[in-house]
Amino acid sequence: MPIFSTALALFLCLGVGGLSAAERVAVFDFEMIDANSDTASLGSRPEEAQRLKAAAARLREALVRSGKFEMADLTPVEPSARAFNLSACNGCDGALARKVDAVISITGSVQKVQDVPRAMAVFVRDVETGKLLASKSVDIREDTDDAWKGAVDELAATCVLPLNFEDN
């Protein structure tokens, strides 16, 4: 009987079509876009820098937890990623993602207006083609850790996780 239970559990996990492989994704640290100066940074204040890093980390965790994604190790390209404004570099994120064998690149930004974060956005691109697969922006109603976490959770749930890569 234990063999039957194990076989049944394996069958249910694999499903009829088999277990699809997780997509290897590069999720870059989020950037702060200052609407007053049209510049991007990794945070001009320590609390901004921490929240930007935490936002990317939270998105990575949600994607891995879903089982649909495997994270690429960005260590080899981190210095280059910090040198660019990834939100407006015309696809340079794809070139960096390709170097770490990712097939999907995700960049994120937080738009700041008059020193107050107002919106968080993500951009999901196919590394091979450079095609924008999805993008979305959500409002940040308060400049608090909880508000930022809520924005990341909404972007993960409504923009990234619903994507179906089997058809691409």
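Scanning the stretch 109-135 for residues that are open to solvent by 40 Å² or more (accessible area, probe 1.4 Å) and part of a loop (DSSP other than H, G, I, E, B) turns up GLN114, ASP115, GLU128, THR129, GLY130, LYS131. With the structure loaded, tell me whether ILE33 is in contact (Cβ under 8 Å) with a residue 40 or more places away in the chain, open to solvent by less than 80 Å² (accessible area, probe 1.4 Å) and over 14 Å from the mean Cα position of the chain (by Cα) or whether it fails that test. Judged against the criteria, ILE33 is a match.
Annotation note: of VAL110, VAL103, VAL127, the sole residue that is touching a Pro at 6+ places or on another chain (Cβ under 7 Å) and touching a residue at least 60 places away in the same chain (Cβ under 8 Å) is VAL110. Going through (1) open to solvent by 80 Å² or more (accessible area, probe 1.4 Å); (2) at pLDDT 95 or above; (3) outside any loop (DSSP other than H, G, I, E, B) one by one, ARG24 falls short only on (1). Within the stretch 61-89, the set of residues being more than 18 Å from LEU132 (Cβ to Cβ) and in a loop (DSSP other than H, G, I, E, B) comprises GLY67, LYS68, ALA72, ASP73, LEU74. Those residues that are farther than 17 Å from GLU154 by Cα, surrounded by 14 or more Cβ atoms within 10 Å (Cβ to Cβ) and β-branched (Val, Ile, Thr), I need them from the stretch 55-108; list them, please. Result: VAL77, VAL100, VAL103, ILE104.
The values are calculated or read from the model by the stated rules, or taken from the named source; none is laboratory data. Given the structure is predicted, the values throughout are model-derived calculations rather than measurements. Note: ideal-geometry Cβ built from the backbone for every residue, glycine included; neighbour counts use all protein chains shown. These area figures cover heavy atoms from the full protein model, side chains too; ligands, DNA and RNA do not enter into them. Shrake-Rupley method; radii C 1.70, N 1.55, O 1.52, S 1.80 Å.
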